[in-house]
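The structure appears right after this line, and notes come after that.
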Amino acid sequence: MISKTDKIWMDGKFVKWDDANVHILTHTLHYGLGVFEGIRCYKTDKGPAIFRLKEHVQRLYDSSHICQIEIPYRPEEIEQAIIDVVKVNKLDEGYIRPFVYIGYGMMGLYPKGNPISVAIAAWPWGKYLGEEGLTKGISIKVSSYIRSHVNSNMTRAKVSGYYVNSQLAKKEAISMGYEEALLLDTEGYVSEGSAENIFVVRNGLIKTTPLTSILEGITRDTIMKMAKDENIEIVEARFTRDELYIAEEAFFTGTASEITPIREVDNRKIGRGCPGEITKKLQSLYFDTVKGKLSKYGHWLTYV
Ligand code: PPE
């Protein structure tokens, strides 16, 4: 169950958590065209810090642009509202969910004139794939569902409706005893997890899937920059599921899932079946960064 906080920002006003409701004929609720973000804020020595706020807000606007939804606020207003939501709720650590949706008005697939609304909620959210998942790694399954064709779902946008595909894949994986699903693209190459980008390591080289059928993850970008700074070779290249099977290390990245090692894929151990050295190194750099312990990456933090 979600841990409630006090207030949610809805179109410029703070509303009590329990009163943050919408009409049942809210357009996005029926047809799935809404865009959202997932942002984390972490406890640091200098108070709560929001990780890569600007980039998340930029992606929210990019998602809206792709979907031709006009957000009735300026990006600076949304950034400030996100900071205010953390402040008002006295959160020192948690997850922030800005959501842009098409409101009540017309039904049918051309909702001309329906209001565009924005809501921002924040709440404490622990380890997405479990504490043990972070330390020992998770077991995943290549899904029978595939990511949509690039001209069906334009995955540079983070659209609510796309998560039907993710949920089906996740349900399938969990019902079969795995912790997360891995989806392939329409051509059969590795794409991403239900809510994570993926990296593999082999012979000291890191590979991550190129930006075709995947969300342009902000954690993915963070890890790519960190690997480069550590002089670890990293490339964006397509790879197949068997290349993943024989990888020495593999891990998922995402705001919610952070850096989660993958210890097994389709019942095949990855490396020695525990988090590898490069994964552990990047994971610790990531946690030190978000917790404000690395001044080198301090520019990615917005203190509340
Ligand atoms: N791919 C998908 C499909 C995805 O949903 C996410 C984030 C990522 C990659 C990683 O992106 P980034 O967070 O920018 O590194 N998924 C968000 C939603 C999770 C949820 O259950 O809700 C998240 O991690 O916040």
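The values are calculated or read from the model by the stated rules, or taken from the named source; none is laboratory data. Every value quoted in this text rests on a predicted model; they were computed, and no experiment measured them. Ideal geometry is used to build each Cβ from the backbone, glycine not excepted, and the neighbour counts take in all protein chains shown. Ligands, DNA and RNA are stripped out before the accessible areas are found, and what is left, the full protein with its side chains, is counted by its heavy atoms. Shrake-Rupley method; radii C 1.70, N 1.55, O 1.52, S 1.80 Å.
Points worth noting:
- From the options Gly126, Gly113, Gly105, residue that is part of a loop (DSSP other than H, G, I, E, B), within 22 Å of the chain's Cα centre (by Cα) and of a type in the set (Gly, Ala, Ser): Gly126
- Conditions (1) at pLDDT 95 or above; (2) surrounded by 17 or more Cβ atoms within 10 Å (Cβ to Cβ); (3) not hydroxyl-bearing (Ser, Thr, Tyr); number of the one not met by Leu129: (1)
- Residues (of a type outside the set (Val, Ile, Thr), at negative phi and surrounded by fewer than 20 Cβ atoms within 10 Å (Cβ to Cβ)) located in segment 174-183: Ser175, Met176
Residue by residue, here is whether (1) hydrophobic (A, V, I, L, M, F, W, C); (2) away from the ligand (no atom under 14 Å from the Cβ); (3) open to solvent by 20 Å² or more (accessible area, probe 1.4 Å); (4) in contact with a Ser or Thr (Cβ under 9 Å, 6 or more places away or on another chain) holds:
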residue: Glu243; (1), (2), (3), (4): no, yes, yes, no
residue: Glu248; (1), (2), (3), (4): no, yes, yes, no
residue: Phe251; (1), (2), (3), (4): yes, no, no, yes
residue: Gly276; (1), (2), (3), (4): no, yes, no, no
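- Verdict on Tyr286 being within 14 Å of the ligand (Cβ to nearest atom), in a helix (DSSP H, G or I), of a type in the set (Phe, Trp, Tyr) and modelled with pLDDT of 95 or more: yes
- Looking only at residues in segment 102-126 that are at pLDDT 95 or above, within 16 Å of the ligand (Cβ to nearest atom) and open to solvent by 20 Å² or more (accessible area, probe 1.4 Å), the one that is farthest from Phe251 (Cα to Cα) is Trp123.
- In segment 192-212, the residues that are in contact (Cβ under 8 Å) with a residue 40 or more places away in the chain and of a type outside the set (A, V, I, L, M) form Cβ pairs under 6 Å with partners that are away from the ligand (no atom under 12 Å from the Cβ) and open to solvent by less than 10 Å² (accessible area, probe 1.4 Å), at six or more places apart or across chains, as follows: Phe199/Ile206; Phe199/Phe251; Arg202/Ala247.
- Hey, Lys171 open to solvent by 10 Å² or more (accessible area, probe 1.4 Å), without any contact (Cβ under 8 Å) to a residue 12 or more places away in the chain and closer than 25 Å to Gln58 by Cα or not: no
Okay, residues lined up against (1) more than 10 Å from the ligand (Cβ to nearest atom); (2) of a type in the set (D, E, K, R):
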{"site": "Ile140", "(1), (2)": "yes, no"}
{"site": "Arg147", "(1), (2)": "no, yes"}
{"site": "Val150", "(1), (2)": "yes, no"}
{"site": "Arg156", "(1), (2)": "yes, yes"}
{"site": "Ser166", "(1), (2)": "no, no"}
{"site": "Ala173", "(1), (2)": "yes, no"}
{"site": "Thr186", "(1), (2)": "yes, no"}
{"site": "Met224", "(1), (2)": "yes, no"}
{"site": "Asp229", "(1), (2)": "yes, yes"}
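- Screening segment 22-73 for strands (runs of 3 or more DSSP E) wholly inside it with 3 or more residues that are out of contact with any Pro (no Cβ under 9 Å at 6 or more places or on another chain) returns the ranges 39-44, 47-51.
- The residues on offer are Gly204, Gly193, Gly217, and the sole one that is of a type outside the set (Val, Ile, Thr) and either surrounded by fewer than 15 Cβ atoms within 10 Å (Cβ to Cβ) or more than 16 Å from the ligand (Cβ to nearest atom) (or both) is Gly204.
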